[in-house]
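Below is one structure, written out as structure tokens, with a few remarks after it.
Bear in mind that the values in this text are calculations on the coordinates, not laboratory data. Keep in mind that this is a model prediction, so the values were computed, not measured. FYI the Cβ positions are ideal-geometry reconstructions off the backbone, even for glycines, and counts take in every protein chain you see.
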Amino acid sequence: MDRHELKQVLDEEGFNPQRYSLEGGFPDERYCLDELPDGQWSVYGSERGKKVAERIFPTENEACRYLLHLLRRDPSAKR
């Protein structure tokens with residue numbers, strides 16, 4: 001799974017786009033996916049401009065699947 005496929009699943013399952021970022025950064029109160037300079041992938045929560053509970057993955061597929069798992073477990077992530 002890549003970011004584009006993940007976006008499709010998130011749209012189909014009715015997740016609120018204001019609860020996640022597939023482009024990294026530090027948007028308030030969102031789950032984020034970010035490609036690191038060394039080619040690894042980071043999934044983290046962004047709270048007040050800081051990374052929270054960051055996990056690093058060697059592949060985009062693993063990171064996307066983990067982010068989907070997090071969102072599915074969070075009832076506030078749906079529209």
*Let me know the shape class of the chain, please: from the alpha-carbon gyration tensor, a ≥ b ≥ c as square roots of the eigenvalues, rounded when a/c is under 1.5, otherwise prolate if a/b is greater than b/c, or oblate.*
oblate
*Ordered by residue, what ³J(HN,Hα) values in Hz, to whole numbers, does the stretch 29-39 give under the Karplus form 6.51 cos²θ - 1.76 cosθ + 1.60, where θ = phi - 60° and Gly and Pro are x?*
6, 9, 7, 10, 10, 8, 8, 8, x, 8, x
*Hey, for a label at VAL9 modelled as a point 7 Å past Cα toward Cβ, could you say which residues of the stretch 51-79 have their backbone N under 13 Å away?*
60-73
*At 0.36 nm per residue, minus the direct Cα-Cα distance, what do ARG48 and GLU23 gain on full extension? Give it in nm, one decimal, please.*
7.3 nm
*In debye, nearest 20: dipole of the chain around its Cα centre with unit charges on the Cβ of K, R (+) and D, E (-)?*
380 debye
